[in-house]
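Data block below; observations after.
The values are calculated or read from the model by the stated rules, or taken from the named source; none is laboratory data. As the structure is a computational prediction, the values presented were derived from the model and not from experiment. Here the Cβ positions follow ideal geometry from the backbone for every residue, glycine too, while neighbour counts run over all protein chains shown. These area figures cover heavy atoms from the full protein model, side chains too; ligands, DNA and RNA do not enter into them. Shrake-Rupley method; radii C 1.70, N 1.55, O 1.52, S 1.80 Å.
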Amino acid sequence: MMRPAAAAPPARPVLVTGGSGYIAGFLIQRLLAEGCTVHTTVRSRSREASLRALLQAHAAAGAPAAAGERLRVFEADLTADAGWAEAAAGCGLVAHLASPLPRGVPKNADELIVPARDGARRALRAARDAGAQRVVMTSSVAAVAYGHGRDGHGSGERRYTEADWTQLSQPGLTPYIRSKTIAERAARDWVAAEGGGLELCTINPSVVLGPVWSGDYSASVVLVKMLLDGRVRACPDIGFGIVDVRDVADLHWRALVTPGLAGERFIASGRFMKMIEVAGVLRAALGPQAARVPTRTVADWLMRLAAPFSSVARAVATELGTVRHHDASHARERLGWQTRAVEDSILDCARSLLEQGLLRA
């Protein structure tokens, strides 16, 4: 991967919130490899030992043994003020990755919206009060490409860019989509009103796949796990952009160290794939290990029939036939960002799930 020309290890520590998260682990690994001192937050101090063990186990070849001494772990929760000032103290840059990401659809949207919105404000306030220069916040294409009607239905002609925002006035948006949109809007509003000289830019990834380090993985990975487990007998006609976790971490690094990015958004996505295409990649490469991966699609009318009885089926039913292409050219042109083939990300994800015994017997 290319580096931005201006890249240099920051002189002051870098705070990464949500250190036990999927993307955060790869970013912390990158920062330590670059020689940075890193502060990170976890919801409970009990997570520190496992986080350090995972980082050590997956350290890049040739990484200095003392890198762990440059990592400080702080306890802080999105829903409370305690710990944020201590975590941000002395930091010049902040990567705010902590955000609630459920593996199901919550009954109450506020279970996601409130911690996502208020947690972003807490991270920003701590960064400002610590004299940090910039916050790079992980948002999502969920804050970009939804609530625009059916203009992307079937044809695949609509390409979403950083200029687009999800329209919250439209019905049928899931709590996750609402939470990511509200949190990013709230963060930008807070910086404009109270940020002083603090800079904010956001990274907006699509579905994030790639290697999995442990059973504490992102909800995005559940897609591949469900296909391999045989929990999906037939694929609904839905799809998504795919991006590799290593590439998303690399984009965060570039956004942290490249000057002049105040107010920017960067979509992080590879190409759009239907669920049945992902299944095809698994079956073609994994042979008998993908024996339970489905080979057919489910009729749209069956998904719509199930929608009144299942929140998951209801969310799927609103997406049937929709094609959303996410344009990542701004990240490529502005930051020199590159992505690996989505097939590699899918297979690296699948193989790591298999190697770690994380699939259903």
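Might you work out the accessible area of Met226 for me, using a 1.4 Å probe with all protein chains in place, and round it to the nearest 10 Å²?
The accessible area of Met226 comes to roughly 60 Å².
Of the heavy-atom accessible surface of the stretch 281-347 (probe 1.4 angstrom), what whole percent is carbon and sulfur?
Details: 1960 of 3520 Å².
Whole-percent figure for carbon plus sulfur exposure: 56.
Where is the GNM fluctuation largest for the chain (alpha-carbon springs, 10 angstrom cutoff): Asp247, Asp77, Asp110?
Of the options given, Asp110 has the highest mean-square fluctuation.
Have a look at Thr297, Pro9, Gln56 and report the one farthest towards the positive end of the charge dipole of the chain, computed about the Cα centre with Cβ charges (Lys/Arg +1, Asp/Glu -1).
It is Thr297, whose Cα lies furthest towards the positive end.
Which residue, Ser206, Ser220, Ser311, tops the fluctuation ranking in a GNM of the chain built on C-alpha contacts under 10 Å?
In this elastic network of the chain, the residue with the biggest mean-square fluctuation among Ser206, Ser220, Ser311 is Ser311.
What does the accessible area per residue of the stretch 257-323 come to in Å², with a 1.4 Å probe and no ligands, DNA or RNA counted? Before the final figure, lay out each step's value.
Values: 3230 Å² over 67 residues.
Ligands and nucleic acids excluded, the figure is 48 Å² per residue.
Among Ser352, Val42, Ser139, which residue has its Cα furthest toward the positive end of the charge dipole of the chain, with +1 on Lys/Arg Cβ and -1 on Asp/Glu Cβ?
Result: Ser352.
Could you check the spin-label model distance between Ser46 and Val105? Points 7 Å from the Cα along Cα→Cβ, value in nm.
Inter-label distance under the simple model: 3.2 nm.
Could you work out the helix-only [θ] at 222 nm for the chain, with each DSSP H run of four or more residues adding -39,500 (n - 2.57) and the total divided by the number of residues, to the nearest 500 deg cm²/dmol? Each step should come with its number before you reach the end.
Details: 12 runs with 135 residues, N = 361.
Helix-only estimate at 222 nm: -11500 deg cm²/dmol.
Can you tell me the FRET efficiency between His148 and Asp229 if r is taken as the Cβ-Cβ distance and R0 is 25 Å, rounded to the nearest 0.05?
With a Förster radius of 25 Å, E is 0.15.
State the extension gain, in nm to one decimal, for the chain segment bounded by Arg360 and Glu333, taking 0.36 nm per residue of separation less the distance between their alpha-carbons. Don't skip to the answer; put the middle values down first.
On the way: separation 27, 0.36 × 27 = 9.72 nm, distance 4.21 nm.
Contour length minus the Cα-Cα distance gives 5.5 nm.
Under a plain spin-label model, where a point goes 7 Å from the Cα along Cα-to-Cβ, how far apart in nm are Val312 and Ala80?
3.2
Expressed as cubic angstrom per residue, what is the convex hull volume of the alpha carbon set of the stretch 124-208?
109
Report relative contact order for the stretch 185-297 in percent, whole number only (criteria: Cα-Cα under 8 Å, sequence separation at least 6). Before the final figure, lay out each step's value.
Details: 142 pairs, mean separation 42.5, N = 113.
Relative contact order comes out at 38 percent.
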